[in-house]
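Undergrad: Mind looking over this structure? Questions follow.
The values are calculated or read from the model by the stated rules, or taken from the named source; none is laboratory data. These numbers come from a predicted model, not from an experiment. Quick reminder, even Gly has a Cβ in these numbers, built from the backbone with ideal geometry, and neighbours come from all protein chains shown. SASA here: full protein model, heavy atoms, side chains in, ligands and nucleic acids out. Shrake-Rupley method; radii C 1.70, N 1.55, O 1.52, S 1.80 Å.
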Amino acid sequence: IPLLKDIGERLVQRNAMCSNIWGELGGEPGINTQVAEGLWALASGGFTGQGLGNAQAHYIPAFHTDMILQSIGEIMGFVGIAGVILLLSVLLGRTIRAGYRSGHRFLLFLCFGIAVITGIQLFIITLGSLGIIPLTGISVPFFSYGRVSLIMNLVAFGIALAVSSHTVQDEKTVARMEPYRMTAGLLTLAY
């Protein structure tokens, strides 16, 4: 079956890229060097980056999808990447807090799920783009070019926004949510 053969070849290529980040010396440019070129971009960005319009991020393969963090790192440096991760962490923490304050277990678990899935997505693509694990093709939430991914993230956080407007503060509801207080607090701190 041709489709399975293509999938198998892609998996082999991604594993080879992870096990040999720097590619084959003297080999064809751009073959299994995506992670290495992304790391070079991060190194050239330094702490504060090269500035908007000064970087050459478009030379990184898949700079707008898999390697968006490296592109941001080259343009805005470590400060830019830290800002992106901080903003996403605040968003995920507020999502968990909104679920907890809703007073309904279903809404709490829904917001937990949205935050955890988004956090795992960010974690996997960050590790993959650094060459620690093979690249998976997962997009960075709200930053990578990916139509379906962007739409699904907008829908998920639209639901979280709707949950945040449903806050209940009566004593009975607060008592019902007490068993989940520590879990919500730990997850909020984790992000």
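Undergrad: Of all the residues that make up region 45-66, how many are in contact with an Asp or Glu (Cβ under 8 Å, 6 or more places away or on another chain) and either assigned to a loop (DSSP other than H, G, I, E, B) or not aromatic (Phe, Trp, Tyr) (or both)?
TA: Number of matching residues: 8.
Undergrad: Restricting attention to region 169-191, which residues are open to solvent by less than 50 Å² (accessible area, probe 1.4 Å) and not aliphatic (A, V, I, L, M)?
TA: THR173, GLY185, THR188
Undergrad: In region 98-118, is there at least one residue being of a type outside the set (Lys, Arg), under 13 Å from ALA184 (Cβ atoms) and open to solvent by 80 Å² or more (accessible area, probe 1.4 Å)?
TA: Yes, the conditions are met somewhere in region 98-118.
Undergrad: Are there any pairs, at least 6 apart or on different chains, whose C-beta atoms fall under 7 Å, with the first in region 120-133 and of a type outside the set (Val, Ile, Thr) and modelled with pLDDT of 85 or more and the second surrounded by 19 or more Cβ atoms within 10 Å (Cβ to Cβ) and part of a helix (DSSP H, G or I), and if so, which?
TA: Every condition considered, the pairs that remain are LEU122/LEU88.
Undergrad: Something else: Looking at this structure, is ARG94 modelled with pLDDT under 85, charged (D, E, K, R), out of contact with any Leu (no Cβ under 9 Å at 6 or more places or on another chain) and in a helix (DSSP H, G or I)?
TA: For ARG94, the condition - modelled with pLDDT under 85, charged (D, E, K, R), out of contact with any Leu (no Cβ under 9 Å at 6 or more places or on another chain) and in a helix (DSSP H, G or I) - is not met.
Undergrad: For region 148-168: of the residues being polar (S, T, N, Q) and without any contact (Cβ under 8 Å) to a residue 24 or more places away in the chain, which is least open to solvent (accessible area, probe 1.4 Å)?
TA: In this case the residue turns out to be SER149.
Undergrad: Assuming VAL84 fulfils every condition listed in (1) open to solvent by 20 Å² or more (accessible area, probe 1.4 Å); (2) within 26 Å of ILE133 (Cβ to Cβ); (3) of a type in the set (A, V, I, L, M, F, W, C) apart from one, which condition is it?
TA: (1)
Undergrad: Somewhere in region 51-68, is a residue open to solvent by 30 Å² or more (accessible area, probe 1.4 Å), touching a Gly at 6+ places or on another chain (Cβ under 7 Å) and either touching a residue at least 24 places away in the same chain (Cβ under 8 Å) or farther than 30 Å from LEU161 by Cβ (or both)?
TA: Yes, the conditions are met somewhere in region 51-68.
Undergrad: Do you know which of the residues in region 159-183 that are polar (S, T, N, Q) and part of a helix (DSSP H, G or I) is modelled with the highest pLDDT?
TA: SER164
Undergrad: Turning to a different aspect of this structure: Does region 119-138 hold any residues that are within 15 Å of GLY38 (Cβ to Cβ) and open to solvent by less than 20 Å² (accessible area, probe 1.4 Å), and which are they?
TA: ILE125, GLY128, SER129, GLY131, LEU135
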